[in-house]
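Have a look at the structure below before the remarks.
The values are calculated or read from the model by the stated rules, or taken from the named source; none is laboratory data. Predicted, not measured: the structure shown is a model, and the values here were computed from it. Because the Cβ atoms are built from the backbone with ideal geometry, glycine has one as well, and the counts that use them run over all protein chains shown. Side chains are part of the model used for accessible areas, which takes the heavy atoms of the whole protein and leaves out ligands, DNA and RNA. Shrake-Rupley method; radii C 1.70, N 1.55, O 1.52, S 1.80 Å.
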Amino acid sequence: MPYQLPIRCRRNRRNESIRSLVRENCVTTDDLVMPLFIIEGKNKKIEVKSMPGIFRMSLDQLKKECVELWSLGIKAVALFPAIDDKLKDKLATESVNDKGLFQRAIRAVKEVTPEMVVIADVAMDPYSSDGHDGFVENGEIVNDKTLPILAAMAVSQAKAGADIVAPSDMMDGRVGVIRQALDKAGFTNVGIMSYSVKYASAFYGPFRDALDSAPKSGDKKTYQMDPANVKEATREISLDIAEGADFVMVKPGLPYLDVVRKVSEISTVPVAVYNVSGEYAMLNAAAKNGWLDYEKVVKESLLAFKRAGADIILSYHAKEFAKWVNGK
Ligand code: PBG
């Protein structure tokens, strides 16, 4: 007589209808934010070499893109500007230019898709002649001299119409300083999505190609977190929440799912995760070689973020995912 199994887990996997009843997590376009790279010019749409399918766009193209994204069910975009080298300086002066590329981009998105949530990146690196996220003095990234620059940048973005400002610089105390500056300027409704737990990662390589924003000297290890650490994540998010962050973020994503899990268990505000440029590049490279089924691995990766506890996913896959699930 063969041994009679009392419990069979496979019963709940028998067919797709049962599987869908017991499914614990799902990804929809409600969860996704599409990052977009902006450049000056007219009718420009230049593919990022290390990110096939991702483009640097002039404002006219950006508008078209946002209309299409909106029709596909994507309701939030994260904007990043590629600034002309001639406009870069030590103080990131261009970042507060009301007629600057970034400010015009925010207005352009709001003009064509007023309900699109615009998330504006707050950091010095796209504007800095040093290519760092903070103010550089004698080779050092000086925290407290960076704070007023970030605060002014955030106010300028809010004035242009940003719904959420997203400091990605990892300076200490910037969330509080930005909150205060926004409130003082009357932007009490503008939210802060803090890149709270951002690691000094090599997975940002393709992004720095896209914006031409790599540091001119040194690396970002004195401000971005050591990839070996996780306890420190608790400290970073507690501080940011105390300073007034409306969302916290973990970045990168796939190699840091343990951190997403940990942060999602303790955070009192929604948790975002950034599925970064290098992660996008990896799946694309493998798919190009015919080594992976692209659509399936992308869907599985996005699901992994939800399973790890993320509420919001910033991903370069957002548009293609929306086409797969919502497209006609
Ligand atoms: C810089 C910034 C980076 C990314 C977003 N904002 C790169 C960096 O810290 O060097 C990376 C995003 C990606 O790789 O997709 N403020």
So the check is Cβ under 9 Å with 6+ separation or different chains; which pairs have a first residue in segment 199-217 that's of a type in the set (Lys, Arg) and a second one that's assigned to a loop (DSSP other than H, G, I, E, B) and within 8 Å of the ligand (Cβ to nearest atom)? Arg208/Asp125; Arg208/Ala214; Arg208/Pro215
Within segment 158-199, which residues are among the hydroxyl-bearing types (Ser, Thr, Tyr) and away from the ligand (no atom under 13 Å from the Cβ)? Thr188, Ser196
Which of the residues spanning segment 268-280 are open to solvent by 20 Å² or more (accessible area, probe 1.4 Å) and either closer than 17 Å to Val48 by Cα or over 18 Å from the mean Cα position of the chain (by Cα) (or both)? Thr268
Scanning segment 55-64 residue by residue, those outside any loop (DSSP other than H, G, I, E, B) and either at positive phi or open to solvent by less than 10 Å² (accessible area, probe 1.4 Å) (or both) turn out to be Met57, Leu62
Give the residue that is nearest to Val122 (Cα to Cα), with candidates limited to residues of segment 233-266 that are more than 19 Å from the chain's Cα centre (by Cα) and hydroxyl-bearing (Ser, Thr, Tyr). Ser238
Identify, by number, the condition in (1) modelled with pLDDT of 95 or more; (2) open to solvent by 10 Å² or more (accessible area, probe 1.4 Å) that Ala120 doesn't meet. (2)
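The rows are residues; the columns are (1) surrounded by fewer than 19 Cβ atoms within 10 Å (Cβ to Cβ); (2) not in a loop (DSSP other than H, G, I, E, B); (3) not polar (S, T, N, Q).
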position	(1), (2), (3)
Phe37	no, yes, yes
Pro52	yes, yes, yes
Cys66	no, yes, yes
Lys86	yes, yes, yes
Glu94	no, yes, yes
Lys99	yes, no, yes
Ala105	no, yes, yes
Within segment 305-328, the residues that are in a helix (DSSP H, G or I) and either buried (at least 23 other Cβ atoms within 10 Å of the Cβ) or charged (D, E, K, R) (or both) are Phe305, Lys306, Arg307, Ala318, Lys319, Glu320, Phe321, Lys323
Condition broken by Val175, with the remaining ones in (1) surrounded by 20 or more Cβ atoms within 10 Å (Cβ to Cβ); (2) farther than 16 Å from Asp240 by Cβ satisfied: (2)
Any chance you could count how many residues in segment 287-304 are open to solvent by less than 20 Å² (accessible area, probe 1.4 Å) and either assigned to a strand (DSSP E or B) or without any contact (Cβ under 8 Å) to a residue 60 or more places away in the chain (or both)? 3
If I ask for residues that are within 30 Å of Asp311 (Cα to Cα), assigned to a loop (DSSP other than H, G, I, E, B), touching a residue at least 40 places away in the same chain (Cβ under 8 Å) and more than 14 Å from the ligand (Cβ to nearest atom), which ones from segment 107-132 would you list? Thr113, Glu115, Met116
Kindly indicate which of Phe203, Phe207, Phe187 is of a type in the set (Phe, Trp, Tyr), open to solvent by 20 Å² or more (accessible area, probe 1.4 Å) and either farther than 28 Å from Leu302 by Cα or in a loop (DSSP other than H, G, I, E, B) (or both). Phe187
Within segment 201-219, take every residue that is more than 22 Å from Arg56 (Cβ to Cβ) and either in contact with a His (Cβ under 8 Å, 6 or more places away or on another chain) or more than 10 Å from the ligand (Cβ to nearest atom) (or both) and give me the one that is modelled with the highest pLDDT. Gly218
